[in-house]
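Read through the structure below, which is laid out as structure tokens, and then see the notes.
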Amino acid sequence: MNYPSLAEAVAAHPLPEFAIWWPVKEVFVRCAARAVSEAWRQLPGNSGKLSPVRALVSEYLEQVYQRPLTPGRVEAFAAGAADPLGSGEFDAISYGFFQSAFEKTQSKPEFAREVGQRFLRQVVSALDLVLPAGLGSDDEFAQLQTALQRLGRFFLEQGYLRTHFAFRFDVARGPGGEEVRQTSDQVVARLAQDRRTYALYEMGYPAILPSATYLFHTAGEAPHYSTRMLQAMFDQIGYTARETAAFNPGDFSVDLLVELWVIRPQGG
């Protein structure tokens, strides 16, 4: 498949709302840096040289933000440093490592999933997060919702999301033209019956929306940190949770990235 260049993708999909940066704080940067750099280093045939990544980050900053790369930023990130970053810096560094990884692997989705699994381990440790063993009871579902609320506060307080987080099980829309009517008090019963269960994941100004947009258009895959981490969390408690492709979030406000998820018991 012939993908457009970065310059072509930026010209076709400008995102001026992200030109003014906000801080992405230390704990999130450290968790993400360790997850990404460890997964990147373990790619087959990877020499570990950072110069190609640094060149990609520099090009991205110039194309998207018209700013130079601060010396040492890529090296510090690769070392798992916890220095806070501007949102655009974090976005650019994410682009550089993911683009480098996508050039080295035959399975871009697998690399994104690997980052999500590693990111989950980092965040669970940093927050001392307790996850339920499953979703077979109302108590376990309540424990899951508490964990999701804590994760949402973490994403907002640390600056990964600028304005909004919600993970909703009250759903009144479906993929394509399918009608869905689901309330949160139906979730445990639906999962017990091996029925498709839905959720809406809403993100207000995720810091990596530009790089996710441009990597999707130039490489066909994107660095969705929180999405892949939450999917890894559901995997860990025995469920498959994936965003649907045939969902149009057009009736939401333009500052929200919204994903419709389908959740099933593993093997169901």
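Restricting segment 116-133 to residues that are in contact (Cβ under 8 Å) with a residue 12 or more places away in the chain and surrounded by fewer than 15 Cβ atoms within 10 Å (Cβ to Cβ) leaves a set whose member that is farthest from MET233 (Cα to Cα) is ALA126. Every residue in segment 137-149 that is more than 20 Å from the chain's Cα centre (by Cα) and surrounded by 15 or more Cβ atoms within 10 Å (Cβ to Cβ), please. Across segment 137-149, the qualifying residues are GLU140, PHE141, GLN143.
The number of residues in segment 138-174 being within 20 Å of ARG196 (Cβ to Cβ) and of a type in the set (S, T, N, Q) comes to 1. Any residue that is of a type outside the set (Val, Ile, Thr) and either closer than 21 Å to ALA39 by Cα or part of a helix (DSSP H, G or I) (or both) - is there at least one of those in segment 165-177? No, segment 165-177 contains no residue that is of a type outside the set (Val, Ile, Thr) and either closer than 21 Å to ALA39 by Cα or part of a helix (DSSP H, G or I) (or both).
To keep it simple, each residue is scored yes or no on (1) of a type in the set (Val, Ile, Thr); (2) touching a residue at least 60 places away in the same chain (Cβ under 8 Å); (3) surrounded by 13 or more Cβ atoms within 10 Å (Cβ to Cβ); (4) under 17 Å from LEU69 (Cα atoms).
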position: GLU17; (1), (2), (3), (4): no, yes, no, no
position: TRP21; (1), (2), (3), (4): no, yes, yes, yes
position: VAL27; (1), (2), (3), (4): yes, yes, yes, no
position: ARG54; (1), (2), (3), (4): no, no, yes, yes
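For GLN158, the criteria (1) surrounded by fewer than 19 Cβ atoms within 10 Å (Cβ to Cβ); (2) under 19 Å from LEU129 (Cβ atoms); (3) among the polar types (S, T, N, Q) hold in every case but one, which is (1).
Picking from residues in segment 220-259 that are modelled with pLDDT under 90 and among the aliphatic types (A, V, I, L, M), the one that is farthest from LEU120 (Cα to Cα) is VAL254. Which members of segment 200-218 meet the condition of being part of a helix (DSSP H, G or I) and of a type in the set (Val, Ile, Thr)? Residues satisfying the conditions are THR213, THR218. One residue stands out in segment 174-196 among those that are among the β-branched types (Val, Ile, Thr) and modelled with pLDDT of 95 or more: the one that is surrounded by the most Cβ atoms within 10 Å (Cβ to Cβ), namely VAL187. Evaluated against (1) small (Gly, Ala, Ser); (2) free of Cβ contacts under 8 Å to residues at least 40 places away in the same chain; (3) closer than 28 Å to GLU243 by Cβ, ALA92 falls short on exactly one condition, (2).
Quick one: is ALA133 part of a helix (DSSP H, G or I), aliphatic (A, V, I, L, M) and out of contact with any strand residue (DSSP E or B) (no Cβ under 7 Å at 6 or more places or on another chain)? No.
Hey, among LEU131, LEU85, LEU135, which residue is of a type outside the set (Lys, Arg), modelled with pLDDT of 95 or more and over 30 Å from ARG190 (Cα atoms)?
Working: LEU131 fails: over 30 Å from ARG190 (Cα atoms); LEU135 fails: over 30 Å from ARG190 (Cα atoms).
On inspection, the qualifying residue turns out to be LEU85.
Only one of these is touching a helix residue (DSSP H, G or I) at 6+ places or on another chain (Cβ under 6 Å), over 15 Å from ILE208 (Cβ atoms) and of a type in the set (Phe, Trp, Tyr): TYR3, TYR65. Name it.
Every option except TYR3 fails the conditions.
Among all residue pairs at least 6 apart or on different chains, which show Cβ distances below 6 Å where the first residue, located in segment 95-109, is under 12 Å from GLY220 (Cβ atoms) and the second is small (Gly, Ala, Ser) and surrounded by fewer than 23 Cβ atoms within 10 Å (Cβ to Cβ)? If the second residue must be small (Gly, Ala, Ser) and surrounded by fewer than 23 Cβ atoms within 10 Å (Cβ to Cβ), the pairs left are PHE102/ALA219.
From the list SER94, SER100, SER87, SER184, exactly one residue is farther than 25 Å from LEU15 by Cα and among the hydroxyl-bearing types (Ser, Thr, Tyr). Which is it? Talk me through it step by step, then tell me what you get.
Details: SER94 fails: farther than 25 Å from LEU15 by Cα; SER100 fails: farther than 25 Å from LEU15 by Cα; SER87 fails: farther than 25 Å from LEU15 by Cα.
Every option except SER184 fails the conditions.
The values are calculated or read from the model by the stated rules, or taken from the named source; none is laboratory data. Here the structure is a predicted model, which is why all the values come from computation and not from measurement. Cβ: placed from backbone, ideal geometry, glycine included. Neighbour counts: every protein chain shown.
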